[in-house]
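What follows is a single structure, written as C-alpha cells, with notes after it.
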Amino acid sequence: MDLQFLGGAGEIGRSALLIDDRLLLDYGMETSTPPRYPVGDIDPDAVVVSHGHLDHAGAVPALLAGDARPPIHWTPPTRDLATVLAEDTLKLHGTSPQVPFTDEHVRRVSQVSETHGYREPFEAAGYEVTFFDAGHVPGSAHVLVEDREGRGPSDGSSGRSPRDGDTRLLYTGDFHTDDQRLVSGATARPDADVVVTESTYADVGHDPRSAVEERFVDRLRTTVWEGGTVVVPAFAIGRTQEVMLICEAHDVDCYVDGMGTRVTDLFRRHPDFVRDSDALRRAASNARVVDGRDGQSGGSAPGFRAGRGASREERERIAGQNTVVVTTSGMLSGGPAMTYVPAIADNPVNAVALTGYQVEGTPGRELLETGSAEFDGRVLPVSARVEQFDFSAHADEAGLRSLLEAYRDSEVLVVHGDDCAGFASALRADGFDADAPAVGDEHTV
Ligand SMILES: [Zn+2]
C-alpha cells in the first residue's frame, strides 16, 4: 500500500489519507482564517469517512465539485452530521472562495452516499473495509482497510498493477477508550499490519470522568444556589449532548441553545449509535430549548425540536434567570455564547464552565488565561468565575497506549496531534516500529 498524507499529519485539522491513489480516508477542513484544506489534486475511486467532525468530514462535498462521483462510505450518523456541517459552513461563509463547494455539491453527497453499520464489511475501491466503534462521538469509526490478494473487483482484470500481497491497515480516526455518557469506549482491536493512529492527547492524562463530572455538577449547583447563572460553552457535536446527559442524571435544570439542539435531534434518530437512547430521550426532556418560542420546554411530544434561533433579548432574559445554559460555540468563537457570556460577565456570582480543550488563539483560551476576551469586536473583562472541565472525547496517553499495546508487531504511524513526532519517538523507545509522517509525505507499507 502506498499512503499519501494529505492533511492532519503533524497537525490537527484537515485530516485526509490517500491509499494507492484510489481510496481516500477522511477529507476534513481546518477552521482557521482562512480555512485550510488537504493538499494535492486528487481523484479517488471511493471515499471513507471516519466520523462527523469538521476536521474529518468538512471538505467532503468538494470531492463532488467536478465530474467524478466517487461513492462515499460512512455510518448513518456520520452522513447526517457531514450534511449539517456542510450546510453550516455555507451559512457561515456563503459562497466565499474560501469554501471549495456549493449547495449543489452538498446535494450531490446524498446521491453517492453509502451507509454501513459497525462490523459489516463492504467493498470500496477494490478493498474490503470494515468499521469498528471508535467511542468518540455517535457513528465514529475505526476504519480497517484490507488489501487482499486475489480478492476485490479491481484485481487482475482492471489493468491495475498486481498487489504486493495482503496488507491490513487500521486507521483509528479519533477515538476514546473510556466510556462517556453518550457513547461507550472503543474496545475493538482488529488485526492489522499497519496502524495510523490519532495522538491528540498523547502527552495528557485525563482525570477520571466521574471526578470531572462531580466537580462540574458541584459548580453548576453552587452557582445556581448562590443566585448566579452558569454558561456552559459546548461543541454542538457530542459535548452538548454529554452535558445534557450529565444535567439530567444529576437533576440539574438547563437551557440548551445553538446548533447542539439540531445535533441532539439527529442523534435521537440513530438510537443504535448512542450508549443509552432512553437516557438521551430523558436528557432532551430535561433540557429547555431556546428556540424563539419563549424558551418553553421542547420535551413533550413530538419531542425535542431544534431551535429556530432566539433573539438577543430572549437570550439576555434567560441569562438573568439564575440557571444553567448549555450553548455553542465550545471555544467562544461564535454562536449564541457570544450573547450569553457578555450578559453574565460582570457579576462574580455567575460562572463560565468551559467543557473542553481551548485551542491557542481562540477567545475561550484568551478568557482562561487573561480573564477577558473579545466578543463581537470588543474586549470584555469577565468578573464571572471561569473554569475548565476536561470532558474529552479522545483517548489520553494511557488510552492511546492501551489500544496500541495490541499492535506491538505492527507498524505504527502517528498523526492528528500537536507533537506526533514526540509520541512516535516515545513509542520507538518502547520498542514499537513507529514514525510520524508530515503533510505531503508518501509512505509505503
Ligand atoms: Zn473528532
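I'd like to verify a number: residues in the range 74-97 that are in contact with a Ser or Thr (Cβ under 8 Å, 6 or more places away or on another chain) and of a type outside the set (A, V, I, L, M, F, W, C), how many?
Looking only at the range 74-97, we keep the residues that are in contact with a Ser or Thr (Cβ under 8 Å, 6 or more places away or on another chain), and these are 74-76, 78-79, 83, 90, 95.
Narrowing the set further to residues that are of a type outside the set (A, V, I, L, M, F, W, C) leaves 75-76, 78-79, 83, 95.
Adding up the residues that qualify gives 6.
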- When residue 294 is run through (1) in contact with a helix residue (DSSP H, G or I) (Cβ under 8 Å, 6 or more places away or on another chain); (2) modelled with pLDDT of 95 or more, the failure sits at (2)
- Item | Residue pairs meeting the criteria (Cβ under 7 Å; at least 6 apart or on separate chains; first more than 28 Å from residue 82 (Cβ to Cβ), in the range 247-263; second β-branched (Val, Ile, Thr) and part of a loop (DSSP other than H, G, I, E, B)) | 253/323
- Query: Here are 387, 374, 316: which of them is closer than 29 Å to residue 136 by Cα and not aliphatic (A, V, I, L, M)?
  - Reply: 387
- Query: Is there any pair with a first residue in the range 192-214 that is farther than 30 Å from residue 148 by Cα and a second that is assigned to a helix (DSSP H, G or I) and of a type in the set (Val, Ile, Thr) whose Cβ atoms are under 6 Å apart and which are 6 or more apart or on different chains, and what are they?
  - Reply: 213/246
- Query: Pairs under 6 Å by beta carbon, first residue under 16 Å from residue 9 (Cα atoms) in the range 44-59, partner charged (D, E, K, R) and more than 8 Å from the ligand (Cβ to nearest atom), six or more apart or different chains?
  - Reply: 50/26; 56/26
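The rows are residues; the columns are (1) surrounded by fewer than 24 Cβ atoms within 10 Å (Cβ to Cβ); (2) in contact with a Phe, Trp or Tyr (Cβ under 6 Å, 6 or more places away or on another chain); (3) among the polar types (S, T, N, Q); (4) on the phi < 0 side of the Ramachandran plot.
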site	(1), (2), (3), (4)
228	yes, no, no, yes
234	no, no, no, yes
237	no, no, no, yes
240	no, no, yes, yes
244	no, no, no, yes
249	yes, no, no, yes
252	yes, no, no, yes
258	no, no, no, no
262	yes, no, no, yes
- So how many residues does the range 54-78 have that are within 19 Å of the chain's Cα centre (by Cα), small (Gly, Ala, Ser) and away from the ligand (no atom under 16 Å from the Cβ)? 0
- Message: Among (1) within 16 Å of the ligand (Cβ to nearest atom); (2) at pLDDT 95 or above; (3) closer than 21 Å to residue 7 by Cβ, there is one condition residue 88 misses while meeting the rest; what is its number?
- Response: (2)
- Whichever residue in the range 175-191 is buried (at least 24 other Cβ atoms within 10 Å of the Cβ) and under 21 Å from residue 408 (Cα atoms) and, among such residues, is farthest from the ligand (Cβ to nearest atom): 186
- Item | Residue list for the range 24-53, restricted to those being at pLDDT 95 or above, within 16 Å of the ligand (Cβ to nearest atom), in a loop (DSSP other than H, G, I, E, B) and among the β-branched types (Val, Ile, Thr) | 49
- Task: Report yes if some residue within the range 83-93 is within 26 Å of residue 121 (Cα to Cα) and touching a strand residue (DSSP E or B) at 6+ places or on another chain (Cβ under 8 Å); otherwise report no.
- Result: no
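The values are calculated or read from the model by the stated rules, or taken from the named source; none is laboratory data. It should be emphasised that the depicted structure is a prediction, and the values quoted were computed from it without experimental measurement. Every residue, glycine as well, gets a Cβ built from its backbone with ideal geometry; the counts of neighbours run over all protein chains shown.
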